[in-house]
Amino acid sequence: MKNIIQKCKEIYIKNKIIIVVLAAIITLVLPVLVPKSYFMGIMCRILMYATLAGSLNVINGYSGQMCIGQAGFFCIGAYCEAILATRFGINFWIIIPLAGLVTAIVGLGISLPTLKMKGIYLSIVTLGFSEIVRLTALNWESVTGGPMGIKGIPTPNLFGFEISNSKTYYFIFLAIAILFIFVTKRVVKSRIGRAWLAIREDQLAAKSLGVEVPKYKAFNFMYGAFWAGVVGAVYAPYVRFIDSTFFTLDEGFNILSMVIIGGQGTLVGPVCGSVIVNLLTEVLRPIGEWRMVAYAILIIVMMWWRPQGLVGASDSILAGDKGNGKKLEKSKQKGGGAHGVSVRS
Amino acid sequence: MEYLFNQIINGLCQGSIYALMAVGYSVVVGVVGMVTFTHGEVIMIGAFAAFYIFQAFGNNLLLGLIASFSASWLIGMFVYKVCYERFFNAPRHISLICTIGVSMLIKNLAQIIFGPNQKPMLNVIENKFFALGTIQISLVQVIIIITVVVLAILLSLFINKTRWGISLRAVSQDKSASYLMGINVKRTAMIGNCVGCGFGGVAGMLLAIYYQTLSATMGSSLGMKAFSSSVLGGLTDIRCSALGGLCIGIIENLGITITSASFRDVFAFGFLILILIIKPEGFASKKGVRP
């Protein structure tokens, strides 16, 4: 497994330009080659969830915070778009960054009370937050339409082109995904990204070296929330009807399972996870309700054998404590029952 | 005014159930040393076990209590084996994600086995009301509060007086030191986890009796409420988290008198966020109780 990934990496580094050009051509020509709307629908889903999982990966994988309620941010972005477009008739292209900004500000509000505490508080607060958002969307009828949802969200328009079906919408999702990966790559390689990685590996050490931990953590959270909001804003006119049932906790767990299965802490990971989970969804359609059970088992198996995910960052703390594990095995071999239980403070 | 008093009584009753959940949660967190997401599902399993026992053997409250306790105990063993035993030395987030996976697994399996719809709970306790002046208390509420108090006293005896309880406390203070003192740390941690889960299961049964409904998806918000209550009490302090549960119950019921009942969960989580801003260490003023 490790060797295969290593070899793939080597091949990629050697023929970087050829592979990127090839991938670009394939993705651009795909709607012409396979013009079936069913297939394009799946492609749209894959791209959308790749961006969404990527935005969660920025939070979970790069700075080691645990956010679970990504569906809440997704919900805020989608409702933002729907309300602004139907009530005020604002242009789709203006709403996208606007929705992202609103979501980022909400994200800041969520992360503020938990900045000084360890990850677990953040995860439960995000979980509760996701439920709060969904319940508010369900009950605040004058703004969100309550259980009836918001109907007839106008489709976007680009230079006179009406973008209404999945074949044309594919390009919007593609553009968002490419933009996300490009920007995130730049951010991760910058000073900010290095600060995030330092926080993930050892918060105390990062602090002692002069990294302003709360500031970077808050920024990290805002950045992830921003992209989730953007994807939500793009998603709303695609389905043309939204209500609160799209954004349950299961949706959040779905996104989380993509990040975990694909791999945390790399840019390829969430894309990979999105492809796997969405294809699995199509393959497993006959078993219906057992699908979530399959995801759950996949998550547990992933945590047991490869905690950083399929193509995750294997040289990080996400991959578990390798040194300690080896010691444990040795002590087991020697002492039989010596478990060597020690607590990491 | 009358309405307000009745709401406070309702809040007390509900709060005592939350207190039971929170006590279970803090036992789990204290002894195992890792935070769990499966508590809501454990609560749900307890409720369903009691439901089927009531259906099969009639309205015997004690039998239902034992059934829900033991069913949740078994689930607790499963959770321990899958999520904790391998990961005592690993970074925390691994076991955390593992508990999320197990929680998804149990929830969806329960939806398949028990059916996705809400079920009406049987009328285990007859519907009687006592009037104290203008305030009304139902028999259900009285029995629930008595059950919770008795269980809390039993737990406190178990933890303070028995040999197992002493080793539980030792493990929750320092795992390696208690390992050196000859305590079987892994087994003790499992027992602690199972006791906490069992209390959660009993709370689930009481909740199902109180609301008269139960469903496979009831767990997720309950688990979060258990967490909120035990954060309010300092996360590992058992007595304080019981107090936290009472507080959350009363605040919820006062909140829904102001607005509508559909905002119930919003109040619980909003209160949690507020607490984390103002006084993140909860009622327990001990330093260093952060997990």
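The values are calculated or read from the model by the stated rules, or taken from the named source; none is laboratory data. This is a predicted model, so every value here is computed, not measured. Ideal geometry is used to build each Cβ from the backbone, glycine not excepted, and the neighbour counts take in all protein chains shown.
Tabulated values for the structure
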read-out: Filter result (surrounded by 14 or more Cβ atoms within 10 Å (Cβ to Cβ) and within 26 Å of the chain's Cα centre (by Cα)) within the stretch A:84-96; value: A:LEU84, A:ALA85, A:PHE92, A:ILE95, A:ILE96
read-out: Candidates A:GLY109, A:GLY128 - the one that is within 11 Å of chain B (Cβ to nearest Cβ), surrounded by fewer than 22 Cβ atoms within 10 Å (Cβ to Cβ) and assigned to a helix (DSSP H, G or I); value: A:GLY109
read-out: Matching residues, the stretch A:179-193, being among the aliphatic types (A, V, I, L, M) and more than 14 Å from the chain's Cα centre (by Cα); value: A:LEU179, A:VAL183, A:VAL187, A:VAL188, A:ILE192
read-out: Wholly within the stretch B:138-243, helices (runs of 4 or more DSSP H) carrying at least 1 residues that are at pLDDT 85 or above, under 29 Å from B:ILE273 (Cβ atoms) and touching a Ser or Thr at 6+ places or on another chain (Cβ under 9 Å); value: B:139-161, B:163-173, B:185-211, B:219-232
read-out: Residue within the stretch A:257-270 that is crowded, with 24+ Cβ neighbours inside 10 Å, without any contact (Cβ under 8 Å) to a residue 60 or more places away in the chain and among the polar types (S, T, N, Q) present; value: yes
read-out: Pick from the stretch A:137-149, criterion surrounded by fewer than 23 Cβ atoms within 10 Å (Cβ to Cβ), within 14 Å of A:ALA82 (Cβ to Cβ) and within 26 Å of the chain's Cα centre (by Cα), ranking: farthest from the other protein chains (Cβ to nearest Cβ); value: A:GLY149
read-out: Residue that is modelled with the lowest pLDDT, among those in the stretch A:253-295 that are touching a Phe, Trp or Tyr at 6+ places or on another chain (Cβ under 8 Å), of a type in the set (Gly, Ala, Ser) and assigned to a helix (DSSP H, G or I); value: A:SER257
read-out: Some residue of the stretch B:70-78 being within 14 Å of chain A (Cβ to nearest Cβ), modelled with pLDDT of 85 or more and surrounded by fewer than 22 Cβ atoms within 10 Å (Cβ to Cβ); value: yes
read-out: Boolean, A:GLY77 is within 14 Å of chain B (Cβ to nearest Cβ) and either crowded, with 19+ Cβ neighbours inside 10 Å or in a helix (DSSP H, G or I) (or both); value: no
read-out: Hits in the stretch A:296-316 (condition: over 17 Å from B:LEU96 (Cβ atoms) and at the interface with chain B (Cβ under 10 Å from one of its Cβ atoms)); value: A:ILE297
read-out: Residue satisfying all of: in the stretch B:91-149; within 14 Å of chain A (Cβ to nearest Cβ) and of a type in the set (D, E, K, R); nearest to the chain's Cα centre (by Cα) among these; value: B:LYS107
read-out: Hits in the stretch A:214-253 - residues which are touching a helix residue (DSSP H, G or I) at 6+ places or on another chain (Cβ under 7 Å) and polar (S, T, N, Q); value: A:ASN220, A:SER244, A:THR248
read-out: Per-region count, the stretch B:135-169, residues of a type outside the set (Val, Ile, Thr) and surrounded by 18 or more Cβ atoms within 10 Å (Cβ to Cβ); value: 8
read-out: Selection within the stretch A:97-136 - more than 19 Å from the chain's Cα centre (by Cα) and over 26 Å from A:PHE241 (Cβ atoms); value: A:GLY109, A:LEU112, A:PRO113, A:THR114, A:LEU115, A:LYS116, A:MET117, A:LYS118, A:TYR121
read-out: Criterion violated by A:LEU122 - all others in (1) within 14 Å of chain B (Cβ to nearest Cβ); (2) farther than 27 Å from A:GLY224 by Cβ satisfied; value: (2)
read-out: A:SER166 vs. criteria within 14 Å of another protein chain (Cβ to nearest Cβ) and touching a residue at least 24 places away in the same chain (Cβ under 8 Å); value: no
read-out: Qualifying residue in the stretch B:270-286 (condition: within 26 Å of B:PHE48 (Cα to Cα) and within 12 Å of another protein chain (Cβ to nearest Cβ)); value: no
read-out: All positions within the stretch A:300-341 that are out of contact with any Leu (no Cβ under 8 Å at 6 or more places or on another chain) and at pLDDT 80 or above; value: A:VAL301, A:MET303, A:TRP304, A:TRP305, A:ARG306
read-out: When residues of the stretch B:80-90 are limited to those that are buried (at least 21 other Cβ atoms within 10 Å of the Cβ) and part of a helix (DSSP H, G or I), the one farthest from the other protein chains (Cβ to nearest Cβ); value: B:TYR80
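The rows are residues; the columns are (1) at pLDDT below 90; (2) among the acidic types (Asp, Glu); (3) farther than 30 Å from A:TRP196 by Cβ.
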| site | (1), (2), (3) |
| --- | --- |
| A:TYR12 | yes, no, no |
| A:LYS16 | yes, no, no |
| A:VAL21 | yes, no, yes |
| A:PRO35 | yes, no, yes |
| A:TYR49 | no, no, no |
| A:PHE73 | no, no, no |
| A:ILE76 | no, no, no |
| A:LEU108 | no, no, no |
